[in-house]
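The values are calculated or read from the model by the stated rules, or taken from the named source; none is laboratory data. None of the values given here were measured: they were computed from a predicted structure. Glycine also receives a Cβ, built like all others from the backbone with ideal geometry; neighbour counts cover every protein chain displayed. Each accessible area value is taken on the protein alone, full model and side chains, heavy atoms only, with ligands, DNA and RNA left out. Shrake-Rupley method; radii C 1.70, N 1.55, O 1.52, S 1.80 Å.
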Amino acid sequence: MNTDEFRKKYGFSPDEFQCDAIDRLSEGRSVLVAAPTGSGKTVVAEYALEQARSQGKKFFYTTPMKALSNQKFRDLSRVYPQGDVGLLTGDNCINGEAPLVVMTTEVLRNMIYESSSKLDELGVVVLDEVHYMQDPERGAVWEEIVILLPDTVKIVALSATVSNARDLADWMNSIRGGVDVVFSKERPVKLRNHYFVGKALCGLFDKNLTRVISEQIEALKYRSSGSGSGRRGGRGPNLAPRRTEVIRELKRRDMLPAIYFLFSRAACQDSVTYCRKDGMSLTSPAEAKAIEAYLDEKMRFLDPADLACLNYESFATAMKAGVAAHHAGALPLFKEAVEELFSSGLIKVVFATETLSLGMNMPARTVVIETLSKWNGEAHRPLTPGEYKQLTGRAGRRGIDEIGYSVILHQKFFNVDQIRALVKREPHPVVSRFEVSYNMAVNIMAEHDLTGAQRLLNLSFAQYCADKRVVTLQLRLEALDEDLDQEIDASRCPDADARKFRQLEMQLAKTQRRLSTIAKERRKREVRETMTRLQPGDVILVGHRGSEKALAVVRKRQEGRNTPGGVLVVDPMGRYRKVSERILKHPPRVVGVVDIARITSPTRKVRKQAGAKIEEICRNAGSITAGAGGTPEEIDLFTAITMLEQDIKGNRCNDCERRERCAQSARRAEKISRQMDSARKERDSGHDVVSRRLVDVLDVLNSFGFVKGEDMTGKGDMLRRVYNECDLLLVEALDAGILSQLEPEELAAFASWFIYESREAETDETRRVARARYEHLQGKLGDALDWLNSVFDDIKAAEGNRGLDLVGSPDTGFGEAAFFWARGAGLEQMLSRFPDRSVGDMVRTMKQIIDLMRQIAEVSVDPVLTSNLRRAIDAVDRGVVSYSSLESMIEHRVPAL
């Protein structure tokens, strides 16, 4: 396609980076485009689309999120004929044979493994949000696609600004060839950073910001003293403004529409409630009427009873006032309404979690960030520079705003300098999360022998980075080797060799430490043995020669878990004390015996008389003769020390005037040698790190019969087409006939165990008690769970022996909900029975359950099981699950859509 014709389609001149990328594509190259969020990277993808259409080729647009895929599908459907655009996600399958298909990244990966006919005549693949490859759970998918996609297919990789974009492009080019990188750090709409403290909104980089903060603190103290109701936190006055105050100030300054980021679903919903209770209305009567008409049309297919359960009236009232919430817990259809009405300018403020910043096309004039820390599941951590740029990438609407605004509210746990540093700092590099999974292993081994599979996996970005590090380490080793030679030469002189002298000194020190350790262990052993033999009435001498004390044993104490063994003794003055093994450095010496009755007398005078006898026994005991003593090993070490001391004394370095200078060079040579050992170890560990892991994975697969040697078995073929974190366990259950015993509603619950992840960890005891009252776990489903737990333990043991941790554990937390929904429970019954579950989470999980049951049905060889799975899918795919989004309605062929 002619690039000039394409550029005329837009009402603005493309930026330099867009023109550069388009020119590269027109030359038949692939591109990696790294540019800020909201800078217009999709323009490059749209050119690639037109280019593919003009060549009669297919075009795939992949995204990491279903919501983003849905949005891109809607965007393309408005531009191209209905039959030309398709959508493939785990939730929806619409016109999958179309020439233009939007899909989640995993769908394309699965197509490649299955050699799908949909890949025929494929010309271009867009990998949107390619920096997602650093995601710990899903990142490997992007690498699999880059490695396995046919070389004839051009790639358009779109990434946020990352510090190692060139490394990414070089890696892609090393595999596929013809890949260019296009950078841009310029935002199309300039960003102005603000700081909202108390009642003052001012520039983050204003010189007087510190003074403004001080003034707001004083003002708050004055207001607090006057009203007695100042808001205070644990660390002084709270200078963060209320959310309603922020919105009113933004409206006064003409800085709406705004996205107000909060890292909590509940906070988003509560904020909408606060705004309504405050009487806030940000829309005109005409805008409110337009919103109402849109919602009536959008929601007309949902059951009125379901809408009542979803608190739709409250949702619609807030929307008509121009305020809404957007988070993963909301019904997808509600989120779509928020996205479309905000993009059209009718909604003025959206309280959103960070998921809205991940590629969704919802630009605003202003972005508000209430806190610069977030909960990662274990603790609160600061936002990264990349996350901050992702959030603020929504600020500024191209072609509408000349300036976008970022507003950070006052932070109690971050000072101004820290905030400024975060804003200025460059994003972190993309780090590979590539890991060989069971599904990946069987799919690659189905097409290659072990050597070929290892060669393929060594093309991963993980191995590329490791190899690059190996090269760096090798260069470092060579430089260190030169330094070592110089220091060795400097440590020598015509009369002596300081390195050899240092080696003698170090050998002496090492031998002395060894002798000291052995002698200490021997004395501890002797103390223990002697203490064990002591009897009441024994007179002992404790201490070293020349400073021994006389004592008599009263009784022995038993050794406990936290109490070392010891004895109760009495001294010549009749005083009791405790002696334990821990305080004795030398074994006590038994020198006689006294009457136990006298030393344990309750009368101290009697004990003192016995004490005189104790002293007399000790005086007559005499002293022990000092000898070489020790074990044969100690004697040998003592001899070696004597010889080393003689060698050092006779070394010519002792009298050399250059001794200190040579010794410094010798010490530097030792340090360099240690650095070389460390670098050499790291270098050697980087070779073939990924392909070595494949061998471990194949060992586990062999032990459970998924492969035999390098050949695929029937179970292995099933595993190739099951895409789930618990894939190994699931296929084991399928092969053992466990699923064939279950009814449709039980199959839905069973599938949920491999989908759902509980938010809070439960103890085994909690699960056991809970299970006892679960109706659906009393029959065959309970037996299936017992079987799964047993096999899971076997798999984890096999993994542990090989240093692996791949298979996920089943989670029964959603099983009861899936069971009753598949039985026909209504939405009202579900929400009352499971009040802690949001509708959005429930719908999303049900969609994933449906997708997994479809996968199982496709690989099942049992016709009865396949029939039951189809019935289970129909039982789950109804009501709000069926009509949860526009795309779901299209898939179900709702009339008038």
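Subtract the Cα-Cα distance of residue 361 and residue 619 from 0.36 nm times their separation in residues, and report this length gain in nm to one decimal.
Value of the extension gain: 83.3 nm.
Can you give the relative contact order of the range 65-155 as a percent, counting alpha carbon pairs under 8 Å and 6+ residues apart?
Once normalised by length, the contact order is 21 percent.
Using R₀ = 60 Å, calculate the FRET efficiency as 1/(1 + (r/R₀)^6) where r is the Cβ-Cβ separation of residue 82 and residue 643; round to 0.05.
That pair, residue 82 with residue 643, gives E of 0.05.
Just the number please: accessible area per residue for the chain, 1.4 Å probe, all protein chains included, in Å².
For the chain, the solvent-accessible area averages 48 Å² per residue.
Please report the net charge: other residues with Cβ closer than 14 Å to the Cβ of residue 645, K and R +1, D and E -1.
Local net charge: 0.
Could you calculate the contour length gain from residue 604 to residue 5, that is, 0.36 nm times the residue separation minus the distance between their Cα atoms, to one decimal place in nm?
Length difference between fully extended and current span is 204.3 nm.
Taking the Cα centre of the chain as origin, work out the dipole magnitude from +1 charges on Lys and Arg Cβ and -1 charges on Asp and Glu Cβ, in debye rounded to 20.
Dipole size: approximately 5640 debye.
Convex hull over the alpha-carbon atoms of the range 3-183: what's its volume per residue in Å³?
Convex hull of Cα atoms, per residue: 113 Å³.
Provide the descending list of Cα extents for the range 721-881 along its principal axes, expressed in whole angstroms.
Ordered largest first, the range 721-881 gives principal extents of 48, 38, 27 Å.
How far is helix 839-859 tilted, in degrees, relative to the longest principal axis of the Cα atoms in the chain, given as a value from 0 to 90 rounded to the nearest 10?
For helix 839-859, the angle is close to 90 degrees.
Trypsin sites (Lys or Arg not before Pro), restricted to the range 169-212: which are DSSP loop and have at most 16 other Cβ atoms within 10 Å?
185, 199, 207
Hey, rough spin-label estimate for residue 789 and residue 736, points 7 angstrom out along Cα→Cβ, what's it come to in nanometres?
For the pair residue 789/residue 736, the computed spacing is 1.3 nm.
Angle between the Cα long axis of helix 165-176 and the longest principal axis of the chain, 0 to 90 degrees, nearest 10?
Tilt of helix 165-176: around 80 degrees.
Mind listing the Cα extents of the range 251-351 along all three principal axes, in Å, largest one first?
Each principal axis gives a Cα extent; for the range 251-351 these are 42, 32, 24 Å.
For residue 693, what accessible surface area do you get with a 1.4 Å probe? Give it in Å², rounded to 10.
80
If I model the range 61-166 as equal point scatterers sitting on the Cα atoms and use the Debye formula, what is log10 I(q)/I(0) at q = 0.15, 0.18 Å⁻¹?
For the requested q values the scattering log ratios are -0.61, -0.88.
Would you kindly state how much longer the chain becomes between residue 529 and residue 507 on full extension, computed as 0.36 nm times their sequence separation minus their alpha carbon distance, in nm to one decimal?
Answer, rounded to one decimal: 4.6 nm.
Mark the label point 7 Å from the Cα of residue 13 along Cα→Cβ and return the residues of the range 394-411 whose backbone N is within less than 18 Å of it.
Counting backbone N atoms under 18 Å from the label point, the list is 398-400, 402.
Charges only on Cβ, +1 for Lys and Arg, -1 for Asp and Glu: so what's the dipole of the range 3-183 about the Cα centre, in debye to the nearest 20?
380
Which net charge results when you count Lys and Arg as +1 and Asp and Glu as -1 among the other residues whose beta-carbon is under 14 Å from that of residue 186?
Computed value for this residue: +3.
So, with a 1.4 angstrom probe, what is the percent of accessible area on the range 174-223 that is carbon and sulfur?
The nonpolar share, carbon plus sulfur, comes to 52 percent.
Amide H of residue 373 versus every other amide H placed in the peptide plane: which residues, excluding those fewer than 5 positions away on the same chain, fall under 5 Å?
Correct list: 383.
After finding the eigenvalues of the alpha carbon gyration tensor for the chain, what semi-axes result from the square roots of 5 times each, listed largest first in whole Å?
Working from the Cα gyration tensor, I get semi-axes of 66, 38, 36 Å.
Have a look at 59, 163, 140 and report the one farthest towards the positive end of the charge dipole of the range 3-183, computed about the Cα centre with Cβ charges (Lys/Arg +1, Asp/Glu -1).
59
Working from Cα positions, state the angle (0 to 90°, nearest 10) between the long axis of helix 209-227 and the longest principal axis of the chain.
Orientation of helix 209-227: about 90 degrees from the principal axis.
About its Cα centre, how strong a charge dipole does the range 721-881 have in debye, to the nearest 20, once Lys and Arg get +1 and Asp and Glu get -1 at the Cβ?
It works out to roughly 460 debye.
For the cross-link pairs 66/424; 66/118; 118/847; 335/796; 500/524; 578/605, which exceed 28 Å when the distance is taken from alpha carbon to alpha carbon?
From the list (66/424; 66/118; 118/847; 335/796; 500/524; 578/605), the Cα-Cα distance tops 28 Å for 66/424; 335/796; 500/524.
Give, as a single signed number, the net charge of other residues whose beta carbon lies under 14 Å from the beta carbon of residue 311, with Lys and Arg counted +1 and Asp and Glu -1.
That sum, taken over residues with Cβ under 14 Å, equals -3.
Can you return the aspartates and glutamates within cross-link range of residue 289? Criterion is Cα-Cα under 18 Å, with same-chain partners fewer than 8 residues away left out.
Here the aspartates and glutamates satisfying the reach criterion relative to residue 289 are 297, 313, 339, 340.
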